[in-house]
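Below is one structure, written out as structure tokens; comments come after it.
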Amino acid sequence: MTAPSRTLGVAFSDGDRTSRLAGAVVTADGVLDGLGFERCAVGGTDATEAVIRLADALDREDVRHVACAGIAPAWFNLLDLHRIREALDRPVYAVSYEASPGLEPALREAFNGDALARRLDVYRSLPPRTRVDDPSEGDSPAAGPLFVRAVGLDPDRAAAAVRAVTREGFRRPEPLRIAAIAASAHREAIRREQHGTE
């Protein structure tokens with residue numbers, strides 16, 4: 001599979017109470033073609049709507065796929081991939097970087113009552129993860145498999161899409177790598193502004 005003409009990568013950078021989102025529109029050949037920013041609450045339930053607001057604000061009809069950095073950013077502010085797919089009318093996938101037995105034990109340890117029930121409903125609605133072996137084809141110490149959950153794209157095509165947007169020598173897909181850099185820089189700029197530092 002060739003890389004989609006443009007992918008919107010979404011990554012999060014957490015502060016004490018607020019997580020800053022960056023959305024990076026990246027072309028098939030890895031060129032940054034647009035940036036947008038949003039925020040959500042650390043430990044909240046508004047990350048899904050923040051991703052949708054971010055994409056709506058960018059208003060890029062040419063984006064073919066939406067890639068998210070994980071499914072539980074901002075301390076278990078879970079992403080509802082089905083809701084994002086429905087709102088944006090594009091295939092959506094979430095990429096993670098480590099093998100995991102699943103989030104249910106951690107969710108049960110961190111939450112109870114309605115807060116737990118809401119998160120479990122979202123988590124249990126997600127598709128299973130598909131392993132993507134060494135998409136970077138590099139020998140970096142960070143090399144290794146990725147894991148992808150996709151909605152609106154079958155697992156094999158989602159894995160191929162991840163491989164297609166991962167540059168040689170990098171483990172992280174390029175739209176997510178750029179979005180993570182932008183989210184971190186945006187959070188730091190906000191922090192400096194709020195504290196009056198340069």
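The values are calculated or read from the model by the stated rules, or taken from the named source; none is laboratory data. On a predicted model such as this, the values are computed, not experimentally measured, just so you know. Quick reminder, even Gly has a Cβ in these numbers, built from the backbone with ideal geometry, and neighbours come from all protein chains shown. We work out accessible area using only protein heavy atoms, side chains counted, and drop any ligands, DNA or RNA first. Shrake-Rupley method; radii C 1.70, N 1.55, O 1.52, S 1.80 Å.
So what is the 222 nm mean residue ellipticity for the chain from helices alone, if each DSSP H run of at least 4 adds -39500 (n - 2.57) and you divide by all residues, rounding to the nearest 500 deg cm²/dmol?
Numbers: 7 runs with 76 residues, N = 198.
Roughly -11500 deg cm²/dmol at 222 nm, from the helical runs in the chain.
Could you report segment 6-196's accessible area per residue, 1.4 Å probe, as an integer in Å²?
Details: 9370 Å² over 191 residues.
That works out to 49 Å² for each residue.
Length gain on complete extension for the stretch Ala110 to Asp156, per 0.36 nm per residue less the alpha carbon to alpha carbon distance?
On the way: separation 46, 0.36 × 46 = 16.56 nm, distance 3.34 nm.
In short, 13.2 nm is gained.
Of the peptides 70-76, 108-114, how do they stack up when ordered by the mean number of other Cβ atoms within 10 Å, highest first?
Numbers: 70-76: 20.6, 108-114: 10.9.
Top to bottom by mean Cβ count within 10 Å: 70-76, 108-114.
Quick one: pull the percent of accessible area on segment 44-198 belonging to carbon and sulfur, 1.4 Å probe, ligands and nucleic acids left out.
Numbers: 3790 of 8060 Å².
For segment 44-198, the apolar C and S fraction of the accessible surface comes to 47 percent.
Which residue, Leu107, Leu176, Leu21, tops the fluctuation ranking in a GNM of the chain built on C-alpha contacts under 10 Å?
Comparing Leu107, Leu176, Leu21 in a Gaussian network model of the chain, the most mobile one is Leu107.
In the Gaussian network model of the chain, springs joining C-alpha atoms below 10 Å, which of Gly102, Gly30, Gly43 carries the largest mean-square fluctuation?
Gly102
Taking the alpha-carbon centroid of each part, what is the distance from segment 20-88 to segment 157-198 in angstrom?
A separation of 12 Å, based on Cα centres.
For the chain, what does the relative contact order come out to in percent, with C-alpha contacts under 8 Å and a separation of six or more? Intermediate values should be presented prior to the final figure.
Values: 413 pairs, mean separation 48.6, N = 198.
Dividing the mean separation by the residue count of the chain yields 25 percent.
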